[in-house]
Amino acid sequence: MSNNDWREPTHPLKVVMRDSDAYRIHPIFAVRVEDRDMEYLTINGMFLTWKDIMYAQYFINGEWTQIKSVPRSTDVV
């Protein structure tokens, strides 16, 4: 199985998108990593990339938690 294969998330996952007049929440069916970027497949067949969404959340321990990215440090120690 390569890194580019679609995989079902271990925990429930959803993404939030901002439309012109509302926020849209889409449950995620599968994810994959493509050249360091996450791609999401919604349960209704939409393919989304990080450019399409505001943020993603996963459900663990009874609450939704936002997935955050942490930029790499440019300093090499």
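None of the figures in this text is laboratory data; all of them are computed from the coordinates on show. The structure displayed is predicted, hence computed values, not measured ones. Virtual Cβ from ideal backbone geometry, glycine too; neighbours counted across all protein chains shown.
Between Arg18 and Thr65, what length in nm is gained on full extension when 0.36 nm per residue of separation is reduced by their alpha carbon distance?
Between Arg18 and Thr65, full extension yields an extra 15.1 nm.
Sorted by average packing, counted as other Cβ atoms within 10 angstrom per residue and highest first, what order do 13-19, 47-53, 60-66 take?
13-19, 47-53, 60-66
Using the alpha carbon gyration tensor of the stretch 1-53, what are the three equivalent-ellipsoid semi-axes (square root of 5 times each eigenvalue), largest first, in whole Å?
Taking √(5λ) for each Cα gyration eigenvalue gives 21, 12, 8 Å.
For Ala30, list long-range residues whose amide hydrogen, built 1.01 Å from N in the peptide plane, is under 5 Å from its own amide hydrogen.
Answer set, sorted by chain and number: Leu41.
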